[in-house]
Every structure is written in structure tokens, then in C-alpha cells.
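Everything on this sheet refers to the single structure shown next.
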Amino acid sequence: MIIASSLSLLVSRAILTLQAHLRSSMGLIDIAEVSRRSGLPTSTLRYYEQLGLIGSLGRRGLRRTFGTDVLDRLSLIALGRSAGLLLAEIGGMLGVNGEVRIDRELLVAKAGDIDRAIQRMQAIRDGLRHAANCPAPNHDQCPSFRRLRDAASDRLRHARRKAG
């Protein structure tokens, strides 16, 4: 949980810095400028528009134009993506008029997913350290390594049964 909180804080700070920089220009900006400022390809911007995550305000020649508030929405989308949210989940929290409706239950569930992923990664890390430092002559003679191997085999068999 500490790792997830630290990551979230770093991402939030980066986004706030980006937002302050991006707000420097007012008025309409075309899709190429939004792409340059956000770092997202124009194809991603068009896809986000197709999904209803962002909306263009018109066209300047052949190029879509956006209000500068699109940069704030893109920052929120980036924050949601960094937390592992699906675009549909993010879209459900972004209102049409620019308001944000936080789905607290979804965020709690996502935090739980992150906690479980951290626990799995810590178990893998500990297993790797044990395998690297095990005093047994070979890993087949190590009871801890055999338990890890057997558990991995069980998970693999379970995944095959579930998929088949």
C-alpha cells in the first residue's frame, strides 16, 4: 500500500506540473498542438474522442480543435490509466460538463488489486532471493524450492482447466 501511495503521489505531482505548464495558452488549440503538449499521438486523441472521453469543439481547416480544458481531461485520463483503470471506467467518472464523479467503490477495489499484486511480487522476490542463496547442493534438494515449484505447477494446472 505504501508503494501504491508513493506512486500515486509522484504521478499526481507530475500531472499537476504538466497542467500548470499546459494552461499557459488560452483559447482553441488544434489536435497537433494537443498532441505536442500532451505527448499523445493524434490517433490516441481521435480514439479518446470516439469513446467520448474528450470532445472537439470544431475544426480549423481539416484539423479538429479543442478547448484548453482538454489538457486537464487528458491529465485525469493519464492518472486513471496509471492506476490501472480501464478507459470505460475512467469515462464513467468524467462527466460531460467537465465535472469528475469519483467511483469510490471502484477505487477501493483497484487499491485492493494493487495490494494483491504487491503481495504476489513480494512472494516472487522472496522466492528468487531464497533460490539465489539456498545452501542446498541443488534446488531439487531444497524443500522450500520444491514447495514453490509445486505451487507454481498447481497454479498452471488450475489456469489450464479454467481456460479449457
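Some notes on this structure:
- Taking the range 1-108 and the helices (runs of 4 or more DSSP H) fully enclosed by it, the elements with 2 or more residues that are at pLDDT 90 or above and surrounded by 11 or more Cβ atoms within 10 Å (Cβ to Cβ) are at 31-38, 42-51, 69-82, 87-93.
- Of the residues making up the range 123-139, those that are assigned to a helix (DSSP H, G or I) and either modelled with pLDDT of 80 or more or hydrophobic (A, V, I, L, M, F, W, C) (or both) are A123, I124, R125, D126, G127, L128, R129, H130, A131, A132, N133.
- Residue ID - farthest from I102 (Cα to Cα), chosen from residues in the range 43-76 that are touching a residue at least 40 places away in the same chain (Cβ under 8 Å) and of a type in the set (S, T, Y): T68
- Residue check for R116: open to solvent by 90 Å² or more (accessible area, probe 1.4 Å), at pLDDT 90 or above, over 30 Å from G52 (Cα atoms) and part of a helix (DSSP H, G or I): yes
The values are calculated or read from the model by the stated rules, or taken from the named source; none is laboratory data. This is a predicted model, so every value here is computed, not measured. Every residue, glycine as well, gets a Cβ built from its backbone with ideal geometry; the counts of neighbours run over all protein chains shown. All accessible areas refer to the heavy atoms of the entire protein, side chains included, with ligands and DNA or RNA removed. Shrake-Rupley method; radii C 1.70, N 1.55, O 1.52, S 1.80 Å.
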